Every structure is written in C-alpha cells, then in structure tokens.
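S.K.: Encoded as structure tokens, here's the structure I'll be asking about.
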Amino acid sequence: AELASGDYLQQLFPELVNKVIPVLRDSRLKFKSPARSKVSAFPSVSKNAVAKFTAQFGKKGRALITVDVAVKDAEGVVASVGSFRWYVQKI
C-alpha cells in the first residue's frame, strides 16, 4: 500500500520526478479482512488535495499531500485501507 501511494504521486506529478525529495511523513493502515487471493492496491487523491498541494508547492517549493489506498483481493473484498501523508520538497 505504501509503495502504491508513492508510485501514484509519480503518476499525478510526473513533472516533479527527479526534481523533489519525497518523504513519507506518516501512515495509517487498518486491516479489514483476510485476503483470500491475489491482492491489488488502489490509490486515490481528491481533486481538492491535488489543487492544494499544487498551490502550496508552487509558492514554497514544498508541500504535504495524503494518498489513500485500498487493498483488495481478486474478488473485490477490501483487505485493508491506508492513508499515507507525504512531504515533498524541491531539491
């Protein structure tokens, strides 16, 4: 789930790849049920969070953003949900 959150940030902001230092500031993970098959992670960020991050990063060269991740098995059962807050700073 953590890896998926970081990868998702690269997808959201490809223009920042190799130009910033991302640091995982904190994370929370809650287990919902046992996974019975192969699992996949589904990250998401609200449009409001993207806009806030973009504005703050543009002004200060650093910002925080939270990526939520649901981990589901092949049947669609949610095994866990997590929240990963990233601190991103220009190099």
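S.K.: Please give the length that would be gained between Ser83 and Arg25 if that part of the chain were fully extended, namely 0.36 nm times their separation in residues minus their C-alpha to C-alpha distance (nm, one decimal).
M.R.: 19.8 nm
S.K.: Count of lysine pairs in the chain with Cα atoms under 27 Å apart, counting only pairs 8 or more residues apart in sequence or on different chains?
M.R.: Pairs that pass both the separation and distance tests number 20.
S.K.: Given just the C-alpha atoms of the chain, how large is their convex hull per residue in cubic angstrom? Numbers along the way, then the final one.
M.R.: Details: hull volume 7.8 nm³, N = 91.
Measuring per residue, one finds 86 Å³ for the Cα hull of the chain.
S.K.: Once phi is turned into ³J(HN,Hα) by the Karplus curve 6.51 cos²θ - 1.76 cosθ + 1.60 with θ = phi - 60°, what whole-Hz value does each residue of segment 62-68 show in order, with x for glycine and proline?
M.R.: 7, 6, 10, 8, 10, 10, 8
Bear in mind that the values in this text are calculations on the coordinates, not laboratory data. Note that the structure is a prediction, hence the values are computed from the model and not measured.
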